[in-house]
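Report on the following structure.
The values are calculated or read from the model by the stated rules, or taken from the named source; none is laboratory data. It should be emphasised that the depicted structure is a prediction, and the values quoted were computed from it without experimental measurement. Cβ coordinates were reconstructed from backbone atoms using ideal geometry, including for glycine residues, and neighbour counts include every protein chain displayed.
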Amino acid sequence: MSNKSDTEVANLEKGIGHDHASTVAVPPKDRAARLHEFREDEGYIVDADVAPEPGVKVAKDGHTRLIPEPSDDPHDPLNWSWTRKHLILFTIAFTAFLPDYGSATGAITLLPQSEEWGMTPDEVNHSQAGNVFMLGSGGIFIVAASAYFGRLPVLFWFLVLATGTAAWCAAATGFKSFMAARILNGFFSTVSQSGGLMFIQDMFFFHERARKINIWASFIIMSPYLGPLLGAFMVNSKPWPTPFWVYTALTALGLILTVLFAQETYYDRTIPQSQQPPRGNHLTRLTGIAQWRSRHLRNTFGQACWRQVSVILKPTVFIACLYYMLTFAWAVGINTTLSIFLTPLYGFHLKQVGFFYFTPIVAVALGEITGHWLHDLLARHYIRSHGGHFEPEVRLRATFVSIPCVVAGLVLVGQCLENGWHYMATAVSWGLYVFGTMVMTVGLNSYCLDSYPEASGEVSAWLNFSRTLGGFIISYFQVTWANAEGTRVSFGVQGGICLAAFGLIIALMIWGKRLRLWAGPLNFATT
């Protein structure tokens, strides 16, 4: 990140965006070093009244600082209208909904596919595991490509390929072909799921991000439950490819929304407005031609790849990802194997299994509503009681709400399945766990983003990878483990692992700031 001259600083401080209350001339200073207004030793100074500074731009409430401070350039995404920002947010959230929706659709087609191909459901489930693994690992490549080629063209081209591979899944006539299509579809479809934080970081101010992450995350967490719900009703009366053709149509819809509404949101505020590269027209931005012409102003290919490595080497990011893997893995394991448990225990047919998936959908909705207020409430309370300052570790306080739900939900699911309790008890227990994962997801994403705001894509990709890696691993032994030791033991151990992993969160809350200071800044070529 380079320093600005006095003239460049003046260029950045002339105008007011649509959400700005006021601005006056400010003494020249190095704004590039404070682009995200995050000082590792002080955190964020959010309340302008507590730490008055001449010319600081504030929100409509008159005292909340706009972080990062926007330029006066109308092309700066921070200055875009509310409608434009939220059309892009909805597009990103909808396309982030697709990969887990498509992945979990395969959980409901296991039985008819195993009958058609003469295989066991557990063997067919290997295609599911391959798809889940690529949902995470593909994100590492996607974010590196976005740092080099630009955000919008990577989103567009990957969705084109995701649509094609989704159609291949539906048209496959044998297991090998189906498995290859599933693996490739996982890689290409994860583009908004792995890189969604980049768009949120680019368009929204610090005080807005938690709620926007909550919206984006709710689409992701709900999607693996809506896929089996709808798929069960389709497979009940239609052949198994039908839900995959529906998934293909939804992916094509996501592609259309991207063409119509998505924009290139990357904007380098270290470059004065007069020197910003030509944006080109929408078609050249969509296909990447405009970004390719200005690639010398962004990361080199080597820098784009190294960004991934340097972020996961930061101890706080690594610990957050490890915790996420240890607690979210069971969500993927339960979802991809639940029909195998429910069918013999309760005598459920596909339609009854489909109805059962209403439970986690309601749980996600309740988690979204809770998170809409919870994360901001925790932040505002800390800011008021700490002189207008905010530390990223405050975001982790939300996990105190989530961890009891996660542990209790897993333990009770195991008890229900082992003891044959009423299916409503199983449903409520599962919903309790899903509610906890929803609250936890937003807290962890917000924490990592606040800690390293210049690495929005990288922290998003690594958190997504950790989530899916755990699910990939457990998918291979969830059923075998439960059959060998019983669901009471297997799910009880899973709950115990989650509770023990909570020690990582306690460690971050106590030593997280010291670890961040010790590890130092990322010093990326671009932010």
Within the range 319-332, restricting to residues that are under 16 Å from the mean Cα position of the chain (by Cα) and either of a type in the set (Phe, Trp, Tyr) or modelled with pLDDT of 90 or more (or both), the one that is surrounded by the fewest Cβ atoms within 10 Å (Cβ to Cβ) is 322
Could you check, for the range 343-357, whether at least one of its residues is closer than 23 Å to residue 221 by Cα and within 22 Å of the chain's Cα centre (by Cα)?
yes
Of 91, 120, 109, 105, which residue is farther than 26 Å from residue 192 by Cβ and β-branched (Val, Ile, Thr)?
120
Which one of 372, 422, 386, 381 is without any contact (Cβ under 8 Å) to a residue 60 or more places away in the chain and either within 21 Å of residue 213 (Cα to Cα) or within 16 Å of the chain's Cα centre (by Cα) (or both)?
381
Return yes when residue 71 is among the small types (Gly, Ala, Ser), buried (at least 19 other Cβ atoms within 10 Å of the Cβ) and under 19 Å from residue 183 (Cβ atoms) and no when it is not.
no
Can you find a residue in the range 487-502 that is closer than 25 Å to residue 107 by Cα and free of Cβ contacts under 8 Å to residues at least 12 places away in the same chain?
yes
Of residues in the range 506-517 being of a type outside the set (A, V, I, L, M) and in contact (Cβ under 8 Å) with a residue 60 or more places away in the chain, the one surrounded by the fewest Cβ atoms within 10 Å (Cβ to Cβ)
513
Hey, among the residues in the range 130-179 that are touching a residue at least 60 places away in the same chain (Cβ under 8 Å) and of a type in the set (Phe, Trp, Tyr), which one's farthest from residue 302 (Cα to Cα)?
175
Residues of the range 166-185 that turn out to be assigned to a helix (DSSP H, G or I) and surrounded by fewer than 22 Cβ atoms within 10 Å (Cβ to Cβ), as a count
11
So which residues in the range 353-390 are within 20 Å of residue 49 (Cβ to Cβ), surrounded by 20 or more Cβ atoms within 10 Å (Cβ to Cβ) and either of a type in the set (Asp, Glu) or touching a helix residue (DSSP H, G or I) at 6+ places or on another chain (Cβ under 8 Å) (or both), if there are any at all?
379, 390
Looking at residue 84 and the list (1) in a loop (DSSP other than H, G, I, E, B); (2) modelled with pLDDT of 90 or more; (3) among the charged types (D, E, K, R), which single condition is not satisfied?
(1)
Just checking, does the range 310-327 include any residue being farther than 22 Å from residue 141 by Cα and not polar (S, T, N, Q)?
yes
